[in-house]
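The structure appears right after this line, and notes come after that.
The values are calculated or read from the model by the stated rules, or taken from the named source; none is laboratory data. Only a predicted model underlies this, so the values are computations on that prediction, with no experimental measurement involved. Virtual Cβ from ideal backbone geometry, glycine too; neighbours counted across all protein chains shown. Note: areas computed on protein heavy atoms with side chains; ligands, DNA, RNA excluded. Shrake-Rupley method; radii C 1.70, N 1.55, O 1.52, S 1.80 Å.
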Amino acid sequence: MQQNEKINKMNKTIILDKRPVGRPQLSDFKFIDEEKPQPGNGEILLKTTYVSVDPYLRGRMIDAKSYAPPFQLQQPISSGIVAEVVESNLAGFSKGDFVSGLLEWKEFQKSDGKGLLKVDPSKAPLSAYLGVLGMTGMTAYLGLTEIGKPQKGETLVVSGAAGAVGSVVGQIGKILGCRVVGIAGTDEKVEMLKAKYGFDEGINYNTTKNMKDAIAAACPDGVDVYFDNVGGEISDGVLANINKFARIIVCGSISVYNETSVPMGPRVEMALVKNSALMQGFIVGNFAPKFPEAIAQLSNWLMEGKLTYTETIVEGFNQIPEAFIGLFEGKNNGKMIVKI
Ligand SMILES: NC(=O)c1ccc[n+]([C@@H]2O[C@H](COP(=O)([O-])OP(=O)(O)OC[C@H]3O[C@@H](n4cnc5c(N)ncnc54)[C@H](OP(=O)(O)O)[C@@H]3O)[C@@H](O)[C@H]2O)c1
């Protein structure tokens with residue numbers, strides 16, 4: 001086989017080599033070369049364009065029952081991906097179309113089209129379909145409006161506020177007339193919450209000694225809605241400040257994803273009883289019938305200039321594992337995406 005022909009047939013793939021213990025390491029992932037697939041009848045060949053790396057993938061890397069099945073060792077990892085159709089033997093898909101879906105960390109893959117959504121690069125940048133107009137945007141909108149039900153004049157606190165979900169939650173809170181306080185990991189991020197997204201107050205949890213007092217100072221009228229992306233000690237401080245009939249939306253707990261045993265925190269039951277508060281976890285998929293409504297509303301706010309977003313775009317297929325690990329080190333502002 002000629003050298004060029006061989007290179008053309010190569011298809012880089014990332015598999016899970018070891019189950020991470022603690023913070024994921026580059027050595028937990030392995031790059032392998034597969035043969036580039038040939039699409040059969042009723043199939044398309046996809047070329048990966050943008051890859052979403054997400055904190056929830058960490059949960060799929062351990063061998064435990066959850067809402068999504070664990071990744072198998074020595075098998076490709078999958079996540080939200082935008083890809084270009086480069087060959088099509090499937091009605092409804094043409095060469096040059098772009099699609100988004102849950103796909104594997106491979107340069108090329110074939111698909112029967114099931115579960116794929118066509119995305120239009122003339123309506124929004126392709127990467128936005130993995131963020132503000134994709135899973136994280138819908139998580140922000142649906143978690144906040146369906147569970148948090150924020151009312152005008154209420155105080156909304158958001159943890160993980162400078163990230164993909166949190167930055168959108170805070171802005172929606174402002175659109176709906178709330179006073180919004182965000183918690184993030186650096187002074188630069190806190191400044192951005194206020195300057196770019198219009199949050200009223202920001203707290204840097206890394207330089208705050210007493211989160212309970214910091215929240216009390218930033219929320220003089222108490223906390224009505226708490227959108228929690230991080231859990232742990234940050235949430236302990238927020239929960240100590242909730243108002244009567246507060247709504248606590250448990251979206252994620254990134255601060256404990258790398259723990260080998262779940263750390264013990266204050267017991268929250270009495271705070272919930274005393275305040276007749278609601279605390280509810282959710283998975284965005286719970287609201288699947290409302291996805292079109294969420295996308296339509298987010299698109300309108302973007303077009304009206306009421307909503308903005310930030311992306312941290314890392315370039316190169318080889319950078320996918322590092323970008324994923326970077327989520328646990330706060331390396332992203334807004335949505336972390338890898339451009340291939
Ligand atoms: N329920 C659902 O359906 C659903 C859907 C999507 C996402 N989620 C969850 O929502 C949360 C946010 O996801 P995302 O995609 O928007 O990620 P993201 O916030 O864009 O990225 C992760 C951010 O978490 C922060 N972080 C990392 N380690 C932390 C720690 N130990 N303590 C506090 N903050 C930490 C970092 O920001 P700092 O620099 O501020 O620390 C980092 O930038 C995650 O918990 C995720 O699992 C849930």
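Regarding ILE320, is this residue open to solvent by 60 Å² or more (accessible area, probe 1.4 Å), within 24 Å of PHE31 (Cβ to Cβ) and out of contact with any Leu (no Cβ under 9 Å at 6 or more places or on another chain)? Even if it seems obvious, please write down each step before you answer.
Details: open to solvent by 60 Å² or more (accessible area, probe 1.4 Å): no; within 24 Å of PHE31 (Cβ to Cβ): yes; out of contact with any Leu (no Cβ under 9 Å at 6 or more places or on another chain): yes.
The answer is no for ILE320.
Looking at segment 274-290, I want the residues that are free of Cβ contacts under 8 Å to residues at least 24 places away in the same chain and have a partner that is more than 13 Å from the ligand (Cβ to nearest atom) and of a type outside the set (Val, Ile, Thr) with Cβ atoms under 6 Å, at least 6 apart or on another chain. Which pairs are those?
As it stands, the answer is none, since no pair meets every condition given.
Any residue that is open to solvent by less than 20 Å² (accessible area, probe 1.4 Å), within 8 Å of the ligand (Cβ to nearest atom), out of contact with any helix residue (DSSP H, G or I) (no Cβ under 6 Å at 6 or more places or on another chain) and not aliphatic (A, V, I, L, M) - is there at least one of those in segment 249-259?
There is at least one residue in segment 249-259 that is open to solvent by less than 20 Å² (accessible area, probe 1.4 Å), within 8 Å of the ligand (Cβ to nearest atom), out of contact with any helix residue (DSSP H, G or I) (no Cβ under 6 Å at 6 or more places or on another chain) and not aliphatic (A, V, I, L, M).
Among the numbered conditions (1) open to solvent by 50 Å² or more (accessible area, probe 1.4 Å); (2) modelled with pLDDT under 95, tell me where ALA91 comes up short.
(2)
Looking at segment 60-73, is at least one residue hydroxyl-bearing (Ser, Thr, Tyr) and either surrounded by 14 or more Cβ atoms within 10 Å (Cβ to Cβ) or assigned to a strand (DSSP E or B) (or both)?
no
What's the number of the condition SER276 fails, among (1) under 27 Å from ASN332 (Cβ atoms); (2) part of a loop (DSSP other than H, G, I, E, B); (3) among the small types (Gly, Ala, Ser); (4) out of contact with any Pro (no Cβ under 9 Å at 6 or more places or on another chain)?
Every condition holds for SER276 apart from (1).
Go through (1) near the ligand (Cβ under 8 Å from one of its atoms); (2) of a type in the set (A, V, I, L, M, F, W, C); (3) over 25 Å from SER299 (Cα atoms) one by one and return the number of the condition VAL190 breaks.
Result: VAL190 passes all but (1).
When segment 114-134 is examined, which residues are found to be within 17 Å of the chain's Cα centre (by Cα), over 27 Å from GLY42 (Cβ atoms) and either at pLDDT below 95 or not in a loop (DSSP other than H, G, I, E, B) (or both)?
SER127, ALA128
Name the one entry in PHE93, PHE108, PHE71 that is among the hydrophobic types (A, V, I, L, M, F, W, C) and either within 24 Å of GLU329 (Cβ to Cβ) or within 16 Å of the ligand (Cβ to nearest atom) (or both).
Answer to the selection: PHE71.
So how many residues does segment 135-164 have that are of a type in the set (A, V, I, L, M) and assigned to a helix (DSSP H, G or I)?
7
What residue, among those in segment 147-177 that are near the ligand (Cβ under 10 Å from one of its atoms) and open to solvent by 10 Å² or more (accessible area, probe 1.4 Å), is farthest from the chain's Cα centre (by Cα)?
My answer is GLY160.
How many residues are farther than 16 Å from GLY330 by Cα and open to solvent by 50 Å² or more (accessible area, probe 1.4 Å) when one looks only at segment 178-202?
Number of matching residues: 6.
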